[in-house]
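A short write-up of the structure that comes next.
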């Protein structure tokens, strides 16, 4: 079964990532948190039997390290988040993948076990979704392009997940649900990461 994970991420730039978190802890520490979460996300992907398609927004990175052979890089395209996600799904699914899911880089609680569970759900469901505590979702998986799933959704609100599930029901899609996890968007979301963060000081764990 040919399967893939789409990763939506930003180039880590000072003042341009984790802006809501930066309000509470400052831009420098917010950037460290973002780099930490970015590395964590890709470590979680290491044990999966899947190709990884990274869709980037922001300036080109000067990272000269060689990615693994199963990594492919693209630019995000679209006027809003829904359009960008739909375009990414269409591009990857038309490459011949049978199970594709999309994730961001905000969820420290995400694990390889949950990702494998998502692929299992896609073996017998049209859609799988991982609800986030804030009302959004940290993962969405599909087996075929479904553009109407991404239209007229109020992005960046607490009803994104429920509105998406409602739309899926209207479209007659079968849906599997994953555990509810917490994204790291504000200081209140840091959880165990708070122990690794000493505001105003350089933390080795968060350095690139």
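Values in this text are rule-based calculations from the coordinates and carry no lab data. Just so it is clear, the model here is predicted, and its values are computed rather than measured. Methodologically, a virtual Cβ is constructed for each residue, glycine included, from the backbone with ideal geometry; neighbour enumeration extends over all protein chains shown.
Quick notes
- Of the residues 25, 103, the one with the fewest other Cβ atoms within 10 Å heads the list, and the complete ranking is 25, 103.
- Relative contact order %, segment 1-152, counting alpha carbon pairs below 8 Å whose residues are six or more apart: 28 percent
- Shape of segment 84-199, Cα gyration tensor, a/c cut at 1.5: prolate
- Think of it as helices only: each DSSP H run of n ≥ 4 in the chain is worth -39500 (n - 2.57), and spread over all residues that comes to -9000 deg cm²/dmol at 222 nm.
- Share antiparallel - DSSP beta bridges, the chain, percent rounded to 5: 30 percent
- Global form of segment 118-173, assessed from the alpha-carbon gyration tensor, a/c cut-off 1.5: oblate
- 0 to 90° range, to nearest 10: angle between helix 112-122 axis and the chain longest Cα axis: 20 degrees
- Taking other C-beta atoms within 10 angstrom as a stand-in for reagent exposure, 108, 137 fall in the order 108, 137, fewest first.
- For segment 30-123: rounded, prolate or oblate by the Cα gyration tensor [a/c cutoff 1.5]: rounded
- Per-residue Cβ neighbour rank within 10 angstrom, fewest leading, 17, 56: 56, 17
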